[in-house]
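The values are calculated or read from the model by the stated rules, or taken from the named source; none is laboratory data. Predicted model, so just to flag it, every value in this text is computed and none were measured. Ideal geometry is used to build each Cβ from the backbone, glycine not excepted, and the neighbour counts take in all protein chains shown.
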Amino acid sequence: MPKVSIIIPCLNSVKYIRETMESVVNQTLKEIEIIVVDAGSTDGTLDILNEYARADSRVRLLHSEKKSMGYQYNIGMDAALGEYIGFVETDDYTELVMYEYLYEAITESNVDYAKARFNMFVDLPDERLVVSYSPLPRNKAHMRNRVMAGCELEELSACDVNIWNGIYGKKFIQKNNIRFSETAGAAFQDTGFVVQTMMLAEKALYIDRPSYRYRRDNSASSIYDGKAYKFMMDEFMYAYPIIQAKKREASLIGQRTLDRHFGLFGYFLGRSLLRGKSEDGLFEEVRPFREFILDAYRTLDEAEKAWTDLRNSLFWSLFVNDFDLYCALTGESAEQRLKTCLEFIGMCERQDKIVIFGCGDAGSGAYCYSRRGGLKNIVGFCDNDDKQWGKIHMGQTVFSPKEAMEKYKDALYAIAITDLSHAESIRKQLIGAGIRPERIYRSPVIYPHESFEIPTVSGGISL
């Protein structure tokens, strides 16, 4: 019996499929099966998959009559023979040791699922930009590499949103009848699966090492689709009844799932409005979701309602009471956000040299965004953390402030720090060290995943 069944849903992936398959068939854990579920590829993908199936008996090629990633995942789970189940998307790839150390971790700890950090990446003509992401936020770092009880998992519902950086016990999945939604296409069908596993697991483990490589420059990805807000509506209406029926007593997962989906709906709606989506007929299109989410809100207890109201504040109130104004402000907010980011690129384009002050998430995001905008004048990072000095971050040296100012006194210093007061103290620090105020620029806070969601076009960046 295979130790791990790796399920790969596929449709017209000829551009990336070899890199994906090479990373899976060459895993250091040999006792695996690779279940590829194709939904009718016509671009040469099937020829490549048949080549792998002929060369390696562990590769099983199945066919789906529906073009639905969720349906394909469900077919794969039904066919899986392994003790544990993992998932890979056909524009991504894995570290060769990924399933070996995940299998060792999950069997030694006896948990329902085990996950690890992963790396997001985009390919530029001369560089592969890579940045690490952890499903555990920094304030939960103490939870890494230890078994977590089920009641702790709800705290991660806003940041642990992916399926493919882990493996899951097949008995755990079958016992709880965990399934993917089967909407058409490949649009966020893993959302409900993530919530169900998080909600129903009695124990889980998050490992502090990278495992998976998640591509963010595939223009065919659902995150770039102008209908992404509709996909989010569909997934919430699929997942929430399951949560209501199964959630733990006194659990906040239902409420946090509502809040998370509502926030993502607004984010993707804003992007669609920015692209020119008309507001005409939008209310009728959204009406079922609006009624559903209001019904879900009414099922919350008073503490959950108070938390949701506080989190969503103005936008939640407008969504309930003035949908036209909600849409107007959502679109305006997205437009202002893009304008601020493009102003940052414009400022940087006029510089000979740029030093990014801060090599945390905001610094990484600013670097990725700049490079995707075609900039090649970033000469390094600078940070007050002496543990970072001399290290290479995203292909650039991290300097001490003193060394950076001696080496690049006339560079533009882009302060990429999330905390406003901290950013202001750094500005004063730079001025006190002799950097002219006009050579200091406050970068907008652009998180790495956000910077990767903005595709490049000739002449600049657009949504």
With respect to A105, determine if the residue is in the same structural domain as T20 (by TED's automatic domain parsing), within 18 Å of the chain's Cα centre (by Cα) and over 22 Å from E450 (Cα atoms).
no
Can you tell which of S13, S41, S57 is in the same structural domain as S157 (by TED's automatic domain parsing), without any contact (Cβ under 8 Å) to a residue 24 or more places away in the chain and assigned to a loop (DSSP other than H, G, I, E, B)?
S57
Of all residues in the stretch 60-89, which are in contact (Cβ under 8 Å) with a residue 40 or more places away in the chain and part of a strand (DSSP E or B)?
S68, Y84, I85, G86, F87
Assess whether I378 counts as being outside the structural domain of R213 (by TED's automatic domain parsing) and over 10 Å from F357 (Cβ atoms).
yes
Scan the strands (runs of 3 or more DSSP E) fully inside the stretch 109-217 and keep the ones with 1 or more residues being under 15 Å from the mean Cα position of the chain (by Cα) and over 20 Å from E83 (Cβ atoms).
113-124, 127-133, 203-215
Any residue in the stretch 373-392 that is closer than 26 Å to Y267 by Cα and modelled with pLDDT under 90?
yes
Take the conditions at pLDDT 90 or above and out of contact with any Cys (no Cβ under 8 Å at 6 or more places or on another chain) and apply them to K353. Does it pass?
yes
